[in-house]
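First comes the structure, then the notes that go with it.
The values are calculated or read from the model by the stated rules, or taken from the named source; none is laboratory data. Model, not experiment: these values are computed from the prediction. Virtual Cβ from ideal backbone geometry, glycine too; neighbours counted across all protein chains shown. Quick note on the areas: whole protein, heavy atoms, side chains included, nothing else; ligands and nucleic acids left out. Shrake-Rupley method; radii C 1.70, N 1.55, O 1.52, S 1.80 Å.
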There are 4 protein chains.
Amino acid sequence: MINVGIVGFGYWGPNVARNFNTTPGARVVAVSDADDRSLARAAQSYPGVRMMKDCRELLTAPDIDVVAIVTPVSSHFEIAQMALSNGKHIFIEKPFTASTSQAEQLIELAERKKLKIMVDHTFLFTGAVKKIKELIDDGTLGDLYYFDSIRVNLGLFQKDVNVVWDLAPHDLSIMDHLLRMEPSAVMATGVAHFQNQLEDVAYITIYFPGNVIAHLNVNWLSPVKIRTTLIGGQKKMLVWNDLVSDEKIRVYDKGVEGLDCLNTDSKEKSYGLRLSYRSGDMWAPRVNQVEALQGETSYFIDCINNNITPKNDGNAGLRVVRMLEAIKKSLTKGGALVRLN
Amino acid sequence: MINVGIVGFGYWGPNVARNFNTTPGARVVAVSDADDRSLARAAQSYPGVRMMKDCRELLTAPDIDVVAIVTPVSSHFEIAQMALSNGKHIFIEKPFTASTSQAEQLIELAERKKLKIMVDHTFLFTGAVKKIKELIDDGTLGDLYYFDSIRVNLGLFQKDVNVVWDLAPHDLSIMDHLLRMEPSAVMATGVAHFQNQLEDVAYITIYFPGNVIAHLNVNWLSPVKIRTTLIGGQKKMLVWNDLVSDEKIRVYDKGVEGLDCLNTDSKEKSYGLRLSYRSGDMWAPRVNQVEALQGETSYFIDCINNNITPKNDGNAGLRVVRMLEAIKKSLTKGGALVRLN
Amino acid sequence: MINVGIVGFGYWGPNVARNFNTTPGARVVAVSDADDRSLARAAQSYPGVRMMKDCRELLTAPDIDVVAIVTPVSSHFEIAQMALSNGKHIFIEKPFTASTSQAEQLIELAERKKLKIMVDHTFLFTGAVKKIKELIDDGTLGDLYYFDSIRVNLGLFQKDVNVVWDLAPHDLSIMDHLLRMEPSAVMATGVAHFQNQLEDVAYITIYFPGNVIAHLNVNWLSPVKIRTTLIGGQKKMLVWNDLVSDEKIRVYDKGVEGLDCLNTDSKEKSYGLRLSYRSGDMWAPRVNQVEALQGETSYFIDCINNNITPKNDGNAGLRVVRMLEAIKKSLTKGGALVRLN
Amino acid sequence: MINVGIVGFGYWGPNVARNFNTTPGARVVAVSDADDRSLARAAQSYPGVRMMKDCRELLTAPDIDVVAIVTPVSSHFEIAQMALSNGKHIFIEKPFTASTSQAEQLIELAERKKLKIMVDHTFLFTGAVKKIKELIDDGTLGDLYYFDSIRVNLGLFQKDVNVVWDLAPHDLSIMDHLLRMEPSAVMATGVAHFQNQLEDVAYITIYFPGNVIAHLNVNWLSPVKIRTTLIGGQKKMLVWNDLVSDEKIRVYDKGVEGLDCLNTDSKEKSYGLRLSYRSGDMWAPRVNQVEALQGETSYFIDCINNNITPKNDGNAGLRVVRMLEAIKKSLTKGGALVRLN
């Protein structure tokens, strides 16, 4: 039995607690939160579980195997470092850390102590992302052309992070997982409309080798909620609309043919325009409607028990933080191109 | 009666001809096209009208008052210059010219000759754009925050222009008309996936004074056709979906309140976060379903007869070309910020 | 404090229990269910509450004021009768009873004992139905022409009731509440496709005085889930789509004018066809997104404390059962017209 | 070359004329219309074609091979009879005739004179209906359970026919073509809300052998236009939405299994409820976007030239009229079941 301690019982903490508690082979044994009301709510939901106002008590408790860190990003590093130092595996909210150097230190520490880090990239465990991953990996889409995501809605404004740090980690972690490519450069534009000077509208372009391009449109000032991703491939293209209950993914047998793609090694170059369009059936594969977080907590327990490196490990978290840092830099420099690596 | 000559009877020319011909006070008297088949089609549709293979014959014909130039942009300047020099008003396809200097020369020439230029920014004459213009001008939306447009579909690839010159003129002319603001800078990213080296996916950010931002997403490789524009204002926000037949425009009584907008002159700065969200009714105003081009040709005849400067005159065309040029420059420089003025 | 006992802790019972328990002035003190596993689940959720296998123990417990009956319709009468006989108010699932005579007996018994009956017509407490009720009652829609509802999806087949008794009570209770008219006749057609001989597809027409017509389309064999109701009025018409999260209700400023409606008392009859169509704006009023059941249980406690007759009392339940009985009769007689009253 | 004469140049006539005129092997040589303005419009569109105010001139002209009758149904019989008597093939609007006896007489006359009748069931020539026909005929859907169609919109009210004769012929001809089954009985309910006493809302149920049921919902008082048909089969189910430009047909791999269907000859009857639901992918086959009427006129010329009996011949027209007559009878008798054959 793996004993889990939850640090932070605010908005998302209760979900993490509930899912660890219902994962076979795991149980929640302690919860900490500096806020009395949050702690009281936790006490009500988990009568037999220890409640601690100071997270240090939890981080040093000898019976705890896993610490789930569900606090604002600014506190991640300190808490995670103490947890790892005390020999605990960590499950940590996204974004992983506030900087790449913090992420690197935590990864190094975990490796040294032979502990697991799992960054809570929940979307990787949804039926939709799993299905898209399948369609990319088995070659259904063919070579990829672009990844274009729109994630807009009205608020909620965060006190200390802009719309990029709030919304883009979702897209960045999904994109990183699906494309498995190292981005070469990032560019971001955006504007803050209110006195807090935090961008509420931002547009991000990410360049990859081989003319693959990604674009994220994140916006806290949209009257309508949109969660739509277009992925264009040489063979097929898909649209993922996460807001519909059925047919979230539509795969289109559409494409452009007859002109070699720039990113292929075609020796024989032809200069005439000989493009032809293919327009065939649409197909909406059945998507499993499991609770993503349940799949994720079960997977983490499995990774610990069987010494597996999670796909959403510290390195995945680091890759997302690296892009966030580059985006921040580009925004600060008025949209300058920021090269990665 | 105003006599109209049509130069170019390819894809769009027949529509221009038909609409001028059914405009009271105007009639088509000549058509020219270098392509024999196009000319044959014109002859079939307009039995009594003169057909000319060489447009110079048309441009110098003494009985012609208006020349409608419906040819590729590369030929615009030469044809327009000859038409104006010969004392003809011109109605010209968008984009107006291939460069700002060409546009400026034509404007200067027209002014000197006291002739009208109308650039075919057809969308300005749709019921939807007219209604949105009304909602902005009468203060319904309040101060604007952003203009965000998506115009994507599968092809058709153009032989000699990229996706920006093909699709963005629509959005740029609409944006210019609705916002009536001078952009301060432009940034564009994009990628070409085929051997013709023309961008097929591009993302454009346009900065305006007062923290107003515009963004255009244009893509020739999308499996689905999308024509959606979000416009966010301080009082209300709207979504314009041009692909639905009813309820193209939805106005949302949604917004963020309680924190002064950055672009207002609030002396008293408060640093706490005191935002509140407003979420009320949605309203889809009835949009008139007239043929836009008919409204436009009638308006042009009216402008000529009553010596009115068209809202879509050469200067409007120039403003669009100036943005296109800046976008091109930014794309060429790998997304660098290009300042305007 | 009003003490509530829950009879039946299957699919819906837990929701009823939870909502009564969180209603100020009420608390759940006992749960009964003949099924051991259901009872065990209840015990886990409500540690301090009495669990009873035999509902008779609950129905006769002296400290219980309200009995919530959340069992199959076949058992409603017996349980409700015992509850009322023992002086308990009852909250009872829909359909109220298996026959009108049962309903009448329970109503009579409750009146004699000065007890309240509330039939769980949950939809009446949704933001959508409340808003539609407002639009009808304040004259926004004008005189009604028709009520047309589609409620279709794949399964779930019930063991002992057909699609009408499963799905139509929702529409019948909503229609009864909104129209407040006595139906004059009912006709129903339908077919059973499987060996259980229970109709899985059915179409119901209900006639009201004044040429008002209602139609229900219920179907367990539909590949897509549809929950759409059209309501046509002389002044405005509306569409209610219960499956969308925003803009559930759309009110259309559309109509037919210039010819007197048949159901008005126009003395001066004109026989020529002088209809004109009006087509104006669409408007989606903001709909409150409260949990309907919470509103309903609070309302019931309020009705008991302040001796108010619930709008969804036994008579409302009886009216629905009377229509269900007539529909059954019509189905049995191959779609014959069955007059009511 | 087959010479075609058009009788009636009102709303639909110009489309019929244009399509016959562009069909290889056919040409329009005469148009008749009693209305001067209609005839003037025809003259303008077809400069070289004979215009006749009196259709009898056209019906007796020796050079005409085919008469296209595009007039109100009340005049169909007389015109068609004269055309056939004069040795002309006829292409005739739907509904074929005002009564079954008229239809039978025309069929008999055509057979005797060895002439073709084609009833303009245009929908049979759409890409959507052709694709659905394919999916039924090749067994993709399996045995059919039901056909459920909704065809509602605002007006236009007809002077002399009710909503059934205006809208239902579309559905009846499509249903007849797709199901190829003889209906056993019909039931219809409906209401007239205006002084002309013509039903503007109607609901029609059609019974077929083997527990197949069809239902049509036709309404002239709907604020929104809906053209949706659900077809349920044992293996797959489909939804056809004719108002979307892409993905008109969605085929769902959904169904109910494990219980024998009533209409199969299963000897071994099981009485327990052992239903299981299947829920798989959705698939939207590519639908050809040809102009249906063009396909139909070409097919008619082909039928004449190669002596083929059209699928939409007089008998198809008769089957639709027979159902319309039965529906009328049922409506008149207050929704009584009307048996066919």
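Annotations
- Residues of the range B:176-197 classified as out of contact with any Leu (no Cβ under 8 Å at 6 or more places or on another chain) and closer than 14 Å to B:LEU324 by Cβ, total: 1
- Note on the range D:61-89: among residues that are without any contact (Cβ under 8 Å) to a residue 40 or more places away in the chain and polar (S, T, N, Q), the one that is farthest from D:ASP302 (Cα to Cα) is D:SER75.
- Residue within the range B:160-168 that is surrounded by fewer than 24 Cβ atoms within 10 Å (Cβ to Cβ), modelled with pLDDT under 95 and part of a loop (DSSP other than H, G, I, E, B) present: yes
- Residues that are assigned to a helix (DSSP H, G or I) and open to solvent by 30 Å² or more (accessible area, probe 1.4 Å) were ranked within the range B:315-341; the one that is farthest from B:VAL66 (Cα to Cα) is B:THR332.
- Only one entry of B:THR229, B:THR189 meets the criterion of being in contact (Cβ under 8 Å) with a residue 40 or more places away in the chain, more than 10 Å from chain A (Cβ to nearest Cβ) and open to solvent by less than 10 Å² (accessible area, probe 1.4 Å), and that entry is B:THR229.
- The set of residues in the range C:25-45 being in contact with a strand residue (DSSP E or B) (Cβ under 9 Å, 6 or more places away or on another chain) and among the basic types (Lys, Arg) consists of C:ARG27 alone.
- Considering residues of the range A:206-224 that are more than 16 Å from A:LEU178 (Cα to Cα) and assigned to a strand (DSSP E or B) only, the residue farthest from the other protein chains (Cβ to nearest Cβ): A:VAL218
- Pair list, Cβ < 6 Å and 6+ apart or interchain, from the range B:281-304 residues that are within 27 Å of B:VAL251 (Cα to Cα) to residues that are among the aromatic types (Phe, Trp, Tyr): B:MET282/B:TYR252; B:TRP283/C:TRP283; B:ALA292/B:PHE125; B:GLY295/B:PHE125; B:GLU296/B:PHE125
- Selection from the range A:200-211 of residues that are open to solvent by 10 Å² or more (accessible area, probe 1.4 Å), of a type outside the set (Gly, Ala, Ser) and touching a residue at least 40 places away in the same chain (Cβ under 8 Å): A:ASN211
- Residue ID - least open to solvent (accessible area, probe 1.4 Å), chosen from residues in the range D:114-132 that are of a type outside the set (A, V, I, L, M, F, W, C) and in contact with a helix residue (DSSP H, G or I) (Cβ under 6 Å, 6 or more places away or on another chain): D:HIS121
- Scanning the range B:54-96 for residues being among the polar types (S, T, N, Q) and either more than 19 Å from B:TYR11 (Cα to Cα) or not assigned by TED's automatic domain parsing to the domain that holds B:ALA30 (or both) gives a total of 4.
- Of all the criteria given as (1) under 23 Å from D:ASN305 (Cα atoms); (2) open to solvent by less than 30 Å² (accessible area, probe 1.4 Å); (3) free of Cβ contacts under 8 Å to residues at least 40 places away in the same chain, the one not satisfied by D:ILE92 is (3).
- Test: residue in the range C:305-314 that is over 28 Å from C:VAL186 (Cα atoms) and either in contact with an Asp or Glu (Cβ under 9 Å, 6 or more places away or on another chain) or at pLDDT below 95 (or both): yes
- Hey, B:GLN102 open to solvent by 60 Å² or more (accessible area, probe 1.4 Å), of a type outside the set (Gly, Ala, Ser) and farther than 20 Å from B:TYR299 by Cα or not: no
- Some residue of the range C:144-152 being open to solvent by 30 Å² or more (accessible area, probe 1.4 Å) and either under 23 Å from C:THR228 (Cβ atoms) or within 14 Å of another protein chain (Cβ to nearest Cβ) (or both): no
- Residue ID - farthest from C:ASP281 (Cα to Cα), chosen from residues in the range C:241-251 that are open to solvent by 10 Å² or more (accessible area, probe 1.4 Å) and assigned to a strand (DSSP E or B): C:ASN241
- Within the range C:58-89, the residues that satisfy the criterion of being open to solvent by less than 10 Å² (accessible area, probe 1.4 Å) and touching a Gly at 6+ places or on another chain (Cβ under 6 Å) are C:LEU58, C:ILE64, C:VAL67.
- For the range C:291-314, the set of residues classified as under 19 Å from C:VAL70 (Cα atoms) and open to solvent by 10 Å² or more (accessible area, probe 1.4 Å) consists of C:GLU291, C:ALA292, C:GLN294, C:GLY295, C:SER298, C:TYR299, C:ASP313, listed by residue number.
- Under the condition of being within 23 Å of A:ILE204 (Cβ to Cβ) and facing another protein chain (nearest Cβ under 10 Å), the residues counted in the range B:160-185 number 1.
- Pairs with Cβ under 6 Å, 6+ apart, first in the range A:237-257 and more than 15 Å from A:ASP143 (Cβ to Cβ) and within 11 Å of chain B (Cβ to nearest Cβ), second part of a strand (DSSP E or B) and aromatic (Phe, Trp, Tyr): A:VAL251/A:TRP283
Table: residues versus (1) among the charged types (D, E, K, R); (2) at pLDDT below 95; (3) more than 26 Å from C:PRO169 (Cα to Cα).
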site	(1), (2), (3)
C:LEU39	no, no, yes
C:ALA43	no, yes, yes
C:LEU58	no, no, yes
C:ASP63	yes, no, yes
C:VAL70	no, no, no
C:GLU78	yes, no, no
C:GLN81	no, no, no
C:GLU104	yes, no, no
C:ILE107	no, no, no
